Structures are given as structure tokens and as C-alpha cells.
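What follows is a single structure, written as C-alpha cells, with notes after it.
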Amino acid sequence: MGEYLGERAVVLGGGMAGLLTARVLSERYRSVVIVERDTIVGVAGTRRGVPQAHHAHALLARGQQILEDLFPGLQAELTDNGVPSGDLSGSLRWYFNGKRLRQKNSGLLSVSATRPELEEHVRARVVALPNVEVRERTVIQSLVATGDHSRVVGVRVTGDDAEPETILADLLVDATGRGSRSSVWLEELGYERPAEEKIKIDLAYTSRLFELDTDPFGDDLAINPVASPANPRGAFFVNLPGNVALLSQTGLLGDHPPRDAEGFLEFAKTLDAPEIHRAVRTAKPISEITSFKVPASVRRRFDKLRRFPEGMLVIGDGVCAFNPVYGQGMTVAAMEAAHLATHLDAGGVRPLRFFKEISPIIDVPWDISAGGDLAFPGVEGPRPLKVKMGNAYMAKLHSAATLDGRFTEAFFRAAGLVDPPTALMRPSLVVGVLRTARRVKTAGPVDSTVPTATIGQAPPASGDLAA
């Protein structure tokens, strides 16, 4: 680039949102400092600051595209390191409302990397940037502002028995995630807290790794029975290298998957994909059972504030923390980071304008996840006509997708945040959905059972349900 926007930018948090933000800022500030309480450089496994890393993660198609733009060759690097990938709607086996969707390639890539794996590769790219410094094992104490509190000029930190110090910054970005203290910091500086929109879901993930002695996957990367009002229990069963699979089971509204071995398997028996239980009941557990709870989805409306200090931004889960079953968090953070580059190039840091500009980015996934959650009668929240009609139409679309893969493809192009939701309302598609859904209703239930092969044998053909 030409001239820098400033001497130093400081990013609070070294997770995915922080790493992507640092990558964008590295081209626009002379130096970038990442402040992180954990040890992260060279760490290949899970870490304390990302307890959800034990569980299945998804990088939606739009997120994968942005990561490849920011880090050219990243996908090839992941492939060379044995990370499998395939088509989002053609290589993953999805169940909605108890029925298996017909698979059809969409041209959108799904990367079957664990969260620690993906973060490790992205972090290595960011740390290698010559003007990026990582301050590990460093705890944030407070923000540092001008005397009139109109501008944030740095952050007060301490770590590893060191004396507290101030790191000065021309721009400070809070990427600390769900536990962000930005609302508290604003109040301490005399600003209004952002209003919060919450949808209480009382969700829990419970996960375990297994070494398989059968092959339930065939050519598929994952088997994903999605929770529905009829069966609020869901799972993500991910095919990993070496006959290993990660089973992350989910339960809403307090119906949490048990953490004992017997209860975990009994929960798997209730899933809408029976091949999962058949596979894990004889498999060898190779990890402890871990759990992660999410009380609510939370959107903080920074975009509605009238005052905000200069020199500071918030990004990622600190702005909006979604229900993780929709796999939107990393992708939305990537979209926000990509827009940060556009924002800065158009006139430097303007916090209130930035928050208003990323609001439409958040609107779409928030409507998808909030609308999906409100389909469950036990989830509290207003259900305007838009939500009721949207959920009714999605039920028909998923029903139609059990017979015709073009509806599966259309759905995942929108769910992957590549196509706008309005693409699902094209007249020709709506007519096709309604006609096909009637055929499904007339024909009765679709047989979604999938035989399981022994390891070393060819997987059985999936007949009429194949892509």
C-alpha cells in the first residue's frame, strides 16, 4: 500500500476474528499487536480461551472464499496437510425434519478441518507477517482514553508477573468474542451500553472422538441430523482422517446430551440419522467427553448508538454471538474483517459508520438463526408473520429437497451466505418447492436408512438417495 493510516493498531483477542482483523490491519498500519491471554503461537490443539474448539465447527462457503482471498493458497495448504474437503451440499449428508436431503453439488467448498486445525494454519500465516507482533499470556486490565474520553488511545495490560504497562494504539479493535467487556468499558468511559437482543436457547454441545470399525460415511465428509421441533436433538458427525470421527451432539432448551459414556450413546440412538448410533456403539472412544453450553444468542446493537469513542471498534462475537449450530460465527467474522478493509480504505476509522455498515452483514445470518430457533415452541421471543411464513416455507423446501437435489443446492447457497435469502423466493423456485412438497406428502415418508460397511469394505450404494 501507500501511506499507513497510523503507526500501531492493537487487536484484543487472538482467535479467528482477531487473526483475520490483524491480517487486514497489517496492510494499513505500520505495526499490529495482538494481545492474547493464552499461549497461542505454535499451539496445535485446543486451548483454554476457545472451549468450543473441542466440538464440531463449520466454515460456511462465504467464509472459505474470504479466507482464500486473505491467505492465497490456504486451501491447497490444508489439502496438502490431509484436511479433507468437498461440496457443501453434495459431500455432506443432511437430515432435516427427520428426512435425508438429496445430495447435489453446489460448487461451494466445505472444509472438514477441526477448529484448532484451521486456526493453527491461519495463525501461522498471520504470525509470519513482518509487522505483526503477538503478546501472549497477557491480560487486559482496562482501556486507556484521552482526558475527555472522546478517544481510546491504548490498553492497560499485565502478564507473567510483569508490571502493568500501557500499549498505545492509533486503533484498538476488540475481538475477544462472546465474553467481550466492551459494553462495560463504554459505561466506564461515560457512554451508553449498546442494547442487546437475546434469544434464549439453553443449548449444549457434548462431543467425543471415536476410532471407527465400520464406515458409515462412504464418500461423505459428515452426517448431520439437524434438530427440529419434532426432535430437538441434533448432531454433527464428522469424518476425520485415519478412521476417526468426531461426534458432537446438541440439545436445546435444557435437553442436553449426557456426559457419561452410556448416556452419550443412548442420546445418539434418538438422532434422526440411525447410522450414527450404529457406527459409534461398536467404535473405540479415543477422547474424553466434553461439553460446551450456550445460554443464548446475543446481538449487541452498536449500530444504534449515537455516541462512541474514536479509535476503537468491536468485531466478531462481541457484536453478535450466534447459535453455533448454524455454523455462522467464523464466516460472519470473516465478512466483517473483509468489510473493515473496505471501510478503512474509504476514509479511515469511523466507528459509528462501521457498525452501521456491518449491520446488514449480520442481519441475514441473524434472521436465519433467530428464525430457525423460533420454530421451536419452547424458545421465547416474538414470532411476527415474517418468521411464521418463513419457517413454514423452509419446512416445505426441506421436504421438497428430499426428492430433488436442486432445492438442497439452493438452500445451502443461501445458508452458506453466498446467495441472498431472496434467492430462495424466486417464483420458479417457489413453484417447484410447492409442487415437489405436495409429491412428498402424497408419496409418504422417504426411506432414509443407510447401511453401514465394515472398515476395509466398499461402502454400500445409497440407491435413490445418492446425489
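The values are calculated or read from the model by the stated rules, or taken from the named source; none is laboratory data. Quick caveat: nothing in here was measured; it's all calculated off a predicted structure. Quick reminder, even Gly has a Cβ in these numbers, built from the backbone with ideal geometry, and neighbours come from all protein chains shown. Remember, those area values only see protein heavy atoms, side chains included, never the ligands or the DNA or RNA. Shrake-Rupley method; radii C 1.70, N 1.55, O 1.52, S 1.80 Å.
For the reader, a short list of remarks on this structure follows.
- Residue list for segment 120-139, restricted to those being open to solvent by 60 Å² or more (accessible area, probe 1.4 Å), closer than 16 Å to GLU27 by Cα and in a loop (DSSP other than H, G, I, E, B): ALA128, PRO130
- Some residue of segment 152-162 being in contact with an Asp or Glu (Cβ under 7 Å, 6 or more places away or on another chain), within 16 Å of ASP38 (Cβ to Cβ) and part of a helix (DSSP H, G or I): no
- Scanning segment 267-289 for residues that are free of Cβ contacts under 8 Å to residues at least 24 places away in the same chain and open to solvent by 60 Å² or more (accessible area, probe 1.4 Å) yields a count of 2.
- Residue count for segment 245-266, restricted to those that are open to solvent by 30 Å² or more (accessible area, probe 1.4 Å), of a type in the set (A, V, I, L, M) and in contact (Cβ under 8 Å) with a residue 40 or more places away in the chain: 1
- Some residue of segment 19-29 being open to solvent by 10 Å² or more (accessible area, probe 1.4 Å), touching a strand residue (DSSP E or B) at 6+ places or on another chain (Cβ under 7 Å) and either among the small types (Gly, Ala, Ser) or modelled with pLDDT under 90 (or both): yes
- When segment 118-164 is limited to residues that are among the charged types (D, E, K, R) and without any contact (Cβ under 8 Å) to a residue 60 or more places away in the chain, the one that is nearest to THR176 (Cα to Cα) turns out to be ARG156.
- Qualifying residue in segment 282-290 (condition: more than 24 Å from the chain's Cα centre (by Cα) and not in a loop (DSSP other than H, G, I, E, B)): yes
- Members of segment 101-119 that are part of a loop (DSSP other than H, G, I, E, B), in contact with a strand residue (DSSP E or B) (Cβ under 8 Å, 6 or more places away or on another chain), of a type outside the set (Gly, Ala, Ser) and open to solvent by 30 Å² or more (accessible area, probe 1.4 Å): ASN105, THR114
- Segment 332-374, residues that are open to solvent by less than 10 Å² (accessible area, probe 1.4 Å), touching a Pro at 6+ places or on another chain (Cβ under 8 Å) and closer than 24 Å to ALA235 by Cα: VAL332
- Residue count for segment 387-408, restricted to those that are buried (at least 22 other Cβ atoms within 10 Å of the Cβ) and in contact with a Lys or Arg (Cβ under 9 Å, 6 or more places away or on another chain): 7
- In segment 415-446, the residue that is farthest from LEU374 (Cα to Cα) out of those that are crowded, with 19+ Cβ neighbours inside 10 Å and among the small types (Gly, Ala, Ser) is ALA437.
- Any chance PHE308 is of a type in the set (Phe, Trp, Tyr) and either within 22 Å of SER110 (Cβ to Cβ) or in a loop (DSSP other than H, G, I, E, B) (or both): yes
- The sole residue among GLU68, GLU77, GLU3, GLU36 that is modelled with pLDDT under 90, acidic (Asp, Glu) and open to solvent by 10 Å² or more (accessible area, probe 1.4 Å) is GLU3.
- Looking only at residues of segment 291-305 that are open to solvent by 20 Å² or more (accessible area, probe 1.4 Å) and outside any strand (DSSP E or B), we find that the one that is farthest from VAL122 (Cα to Cα) is LYS304.
- Per the conditions (1) crowded, with 21+ Cβ neighbours inside 10 Å; (2) modelled with pLDDT under 95, the sole criterion not satisfied by VAL314 is (2).
- ALA9, sole failed condition from (1) at pLDDT below 95; (2) farther than 12 Å from VAL111 by Cβ; (3) crowded, with 22+ Cβ neighbours inside 10 Å: (1)
- Top-ranked residue in segment 175-194 [being open to solvent by less than 20 Å² (accessible area, probe 1.4 Å) and of a type in the set (A, V, I, L, M); ranked as farthest from the chain's Cα centre (by Cα)]: LEU186
- Within segment 227-258, considering residues that are under 20 Å from THR214 (Cα atoms) and not aliphatic (A, V, I, L, M), the one modelled with the lowest pLDDT: PRO241
- Residue within segment 88-99 that is on the phi > 0 side of the Ramachandran plot, open to solvent by 20 Å² or more (accessible area, probe 1.4 Å), in contact (Cβ under 8 Å) with a residue 24 or more places away in the chain and in contact with an Asp or Glu (Cβ under 6 Å, 6 or more places away or on another chain) present: yes
- Within segment 375-386, considering residues that are surrounded by 13 or more Cβ atoms within 10 Å (Cβ to Cβ) and at pLDDT 90 or above, the one nearest to ILE199 (Cα to Cα): VAL379
- Restricting segment 223-244 to residues that are surrounded by fewer than 20 Cβ atoms within 10 Å (Cβ to Cβ) and among the polar types (S, T, N, Q), the residue that is nearest to the chain's Cα centre (by Cα) is ASN231.
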